[in-house]
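Asks: Just passing along the structure, written as structure tokens.
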Amino acid sequence: MVLSELKVGEKAEVEGLLAESGVRRRILDMGLVKGTKFKVLRVAPLGDPVEIFFKGMYLSLRKNEAADVLVRKIGETGDGAPMREGRGGRQSGS
Amino acid sequence: MGMRREIRVALAGNPNSGKSSLFNGLTGSHQKVGNFSGVTIEKYEGYVDHQGYRIRFVDLPGTYSLTPYSPEELVTRKFLIEESPDMVVNVVEGPNLERNLLLTTQLMEMEVDLLVAINMYDEVEERGIEIETEQLRGLLGCPVIPTSAKKKQGLEALLDHVVRVFEGDIDIRKNKLGFRPEVDGAIREITGLLRHEPDLSRFNPHWLAIKLLENDREVYGLVRDYPLWLKVERVLQRVLGETERLYRTDPEVVITEDRYAFIRGVMQECVLTPGEGRVSLTDRIDRIVLNRVLGLPIFFFIVWLVFQLTFTLGTPLMDGLDLFFGTIADAVSPLLVNETLRSVIVDGVIAGVGGVLIFLPNIVLLFLGLSFLEASGYMARAAFVVDKVMHRFGLHGKSFIPLITGFGCSIPAIMATRTLKSPSDRLATIMIIPFMSCGAKLPVHILLAGAFFEPSVAGNVVFGIYMFGVVVGLLSALLMKKTVLKSESEPFVMELPPYRWPTARSVFWQSNIKAMMYVRKAGTIILLAVLLIWVASNYPKNPAIDAALERQIATIEAGELSRGAKDVAIADAENSASAEKLEYSVAGRAGRLMEPLIRPLGFDWRIGVALVTGLAAKEVVVSTMGTIYSLGETDETSPELKTILKNDPVFDRATALSLMVFVLLYIPCVAAIGVMRKEVGTWQAVALYSGYALTAAWVFSFLTYRLANLFL
């Protein structure tokens, strides 16, 4: 499935980017590479773009561009809070 | 006194890494703003004297990467290659080290002398994040210095390191990032081939090899014309086949993935992030600010708030400045015996420049607001909230930022469109920026709204004018996108930076830059325009009018009226003589010539004159009206322009509204046109635009005038 099909609150992992995507370079530079886990945080008030969270970064992209990102759903939390896992670095305590 | 030795240091870092705050903290007041050669991206330079050296910093534009994706990235790259600074300080955002390190890896690939400043270190400590800097230093192979621009910590240490690196006191190892074996092999092979071409020796062959594998068009262009290209191409083809077979993707993706793999390793080794129990401030704010229901109202409220603050706080300051210039004029007047000279200086220079400078408080306040929104992180949210609408009009959410900057001044706004990648998005945005009522048009709006509407309504009238400009602009963008600018729009992939309370210093600094731009304009173009207007509205002289006036005054004096009545009659005579003189002058004739064209809009020839001179700069519309109307007065101490306008028979509410609309929409000032020409590349496009703007201005002013006459 692709990123634009995810709902708010769902978590997923990037599987790849469509090779012909015009935004591939940009998406790669922003860190959405294969294996990156992210969560869909919210949709803009008017329904587009979407905001995702990963590696401490809040990234917004239009559904149009989100459709170029191949993903695998890995779960959902249901709320709008960013996920705490999948961040780089060791986790202390918890 | 011996010459200080210089160290040239470039500051590179992601947007929102606090790079500019650090630059400010390091260089204090020794700063200047310029442009990178050939482009209109602002270049901030500054220096600080440290341990006998003059360390010169260049603050490069914020970038996430060094691929040629955006003009900022190209500029950064070009600067590093062509200007070869002595070293690069890579400013990284401490609390979000992971994503900031991508740029670091790319700087490492360029094999520059690198220092990493982990900025916002105060926040790192506050959040309980532990960064093992010694480990990090080992992995990156370069000095790592914790800094906090906000708390002014680590700045001395950073400067010490700069000096030590320069003196060769610290060894920079220039670690090489390892990629997958197929790619590494190809890099070695290509590097070997490139070494044989002496023309390319000014580039680092290792870096060129990586860029070629990344399919970098710029670098392709550099290498393609040399005979060794055939061999290089063979290697590229081979490695493409290999990565396709092994990893089902191309080397570009492999290289980026491997950079991130390296970064992941660094993070694992060096950074300990506490399991965050509480929701971060940014999340809490965004739950409200980007809420599906509240998002848009909050957006409009914030924009409205910025404008309200600008005006309510600005007005008393404005009145103060007004008083100040009045005092100067009064003080200077008696000193100038020569009547012509006095008129030039008091009516021309002081009145003109003063009339322009009194709007400085408004401009400073507006830019304080805009800089605050930008630095706090809200500006990106605004783009997020409005992108759908902007996209519908064929624009990009990012167009919003240049457009809102256009409320301040079209010139920086037009320059700001460089963040838009697609040429058609850029062109459309540039073309509608002048419809966003700029700071210089504000004087016209304030004057007219203030003169013809009660104080309680005037603010809303000005707000309405601003909104009208936005609507006309958006519709024009749509029209352009549907007709002359049909093409793909730019993708929208944008970071929403974490909210931060901006340092007062950086907000004031930004605002100060804009204020200085405005003042410089006032001191040069506007002063010149004002003097030209003075000449144009005083020459050629017609002695017959003066003679007639003298005869008339003599007749009145000889008459049987009371002293008071005589004075009134003389004043009237002098008034009409002044008007006749102006009509006879160059400006008057130009205005007369165009009067038939603007008559349907409710304008007379005097407004025509103001509109023409307003091309020099929009605030000149006000100063011209000041000059024209106060010259038409008998009294040397000219009363407030507002009162004169209110009592002028030509002016009523409908005319005032019509004029506001015309000034809002017609061609921008010459300076903005110059910048526009530079950005769009051809005069034809500018001419086409000018025709469009004039037509739009005429049509909407006509409608405004007619409708206002019906309803007001």
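Where a number appears in this text, it was derived from the coordinates with a stated rule and is not lab data. Note that this is a predicted model, so its numbers are computed, not measured. When we count neighbours, we look across all protein chains shown, and the Cβ atoms used for this are built from the backbone with ideal geometry, even at glycine.
Asks: Among DSSP beta bridges lying fully in chain B, give the percent that are antiparallel, nearest 5.
Replies: If I count the DSSP bridges inside chain B, around 40 percent turn out antiparallel.
Asks: Quick one: what are the phi-derived ³J(HN,Hα) couplings along segment B:112-122, Karplus 6.51/-1.76/1.60 with θ = phi - 60°, whole Hz, x for glycine and proline?
Replies: 8, 6, 10, 10, 10, 9, 7, 7, 6, 5, 4
Asks: Enter the angle in degrees (range 0 to 90, nearest 10) between the Cα long axis of helix B:527-538 and the first principal axis of the Cα atoms of chain B, meaning the one along which they spread out most.
Replies: Roughly 20 degrees between the two axes.
Asks: Counting other beta carbons within 10 Å of each residue's own, what order do B:484, B:586, A:23 fall into, fewest first?
Replies: Starting with the residue having the fewest Cβ neighbours, the order is B:484, B:586, A:23.
Asks: Here is a follow-up. Obtain the radius of gyration and the Kirkwood radius of segment B:295-482 from its C-alpha atoms and give Rg over Rh.
Replies: Value, to two decimals: 1.07.
Asks: Net charge around residue B:479, counting only other residues with Cβ within less than 14 Å of its Cβ (Lys, Arg = +1; Asp, Glu = -1)?
Replies: Counting the neighbours of residue B:479, the net charge comes to +4.
Asks: Using Stokes-Einstein with the Kirkwood hydrodynamic radius over Cα pairs, what translational diffusion coefficient do you get for segment B:644-712 at 25 °C and a viscosity of 0.890 mPa s, in µm²/s rounded to a whole number?
Replies: The Stokes-Einstein estimate is 182 µm²/s.
Asks: Okay, moving on. Considering only Cα-Cα distances, which of the following residue pairs are longer than 32 Å: A:7/B:211; B:486/B:514; B:32/B:618; B:174/B:398?
Replies: Those over the limit are A:7/B:211; B:486/B:514; B:174/B:398.
Asks: Using a 10 Å cut-off around each Cβ of peptide B:90-98, what is the average number of partner chain Cβ atoms that fall inside?
Replies: The mean count of partner-chain Cβ atoms within 10 Å per residue comes to 2.
Asks: Could you give the Stokes-Einstein D for chain B in µm² per second, using the C-alpha Kirkwood radius, 37 °C, 0.692 mPa s?
Replies: Diffusion coefficient, whole number: 113 µm²/s.
Asks: With 5 Å bins from zero, work out the P(r) of segment B:394-517 over every alpha carbon pair and list the percent per bin.
Replies: Over segment B:394-517, the share of Cα pairs per 5 Å bin runs 2, 11, 16, 17, 17, 16, 12, 7, 3, 0 percent.
Asks: Could you give the dipole magnitude of the protein assembly as shown about its Cα centre, charging the beta-carbon of Lys and Arg +1 and that of Asp and Glu -1, in debye to the nearest 20?
Replies: 1560 debye
Asks: Around residue A:76, which amide H atoms from residues at least 5 apart in sequence, or from another chain, sit under 5 Å from its own amide H, with H modelled in the peptide plane?
Replies: For residue A:76, the qualifying residues are A:11.
Asks: For segment B:170-273, how big is Rg over Rh, using alpha carbon atoms and the Kirkwood form of Rh?
Replies: 1.03
Asks: Here's a follow-up. Compute the Cα gyration tensor for segment B:52-130, then decide on rounded, prolate or oblate, letting a ≥ b ≥ c be the square roots of its eigenvalues: rounded whenever a/c is under 1.5, prolate when a/b is larger than b/c in the other cases, and oblate in all that remain.
Replies: Because a/c hits 1.5 or more and a/b fails to exceed b/c, segment B:52-130 counts as oblate.
Asks: Taking the Cα centroid of segment B:445-474 and of segment B:93-155, what is the distance between the two, rounded to the nearest whole Å?
Replies: 49 Å
Asks: So what is the orientation-averaged projected area of segment B:509-656, using the convex hull of its C-alpha atoms, in nm²?
Replies: Approximately 11.1 nm², given one-decimal rounding.
Asks: How big is D, in µm² s⁻¹, for segment B:247-393 by Stokes-Einstein at 37 °C and 0.692 mPa s if Rh is the Kirkwood radius over C-alpha pairs?
Replies: D, rounded to a whole number, is 154 µm²/s.
Asks: Then there's this: Could you go through segment B:192-197 in sequence order and give the Karplus-derived ³J(HN,Hα) for each residue, using 6.51 cos²θ - 1.76 cosθ + 1.60 with θ = phi - 60°, rounded to whole Hz, and x for Gly and Pro?
Replies: Computed from phi, the couplings for segment B:192-197 are x, 5, 5, 4, 7, 9 Hz.
Asks: Next question, about the same structure. Starting from a Cα-only point model with no solvent, please compute log10 I(q)/I(0) by Debye for the protein assembly as shown at q = 0.05, 0.11 1/Å.
Replies: -0.33, -1.24
Asks: Non-local amide H neighbours of residue A:42 (under 5 Å, H modeled in plane, Pro and chain starts lacking H): which ones?
Replies: A:51
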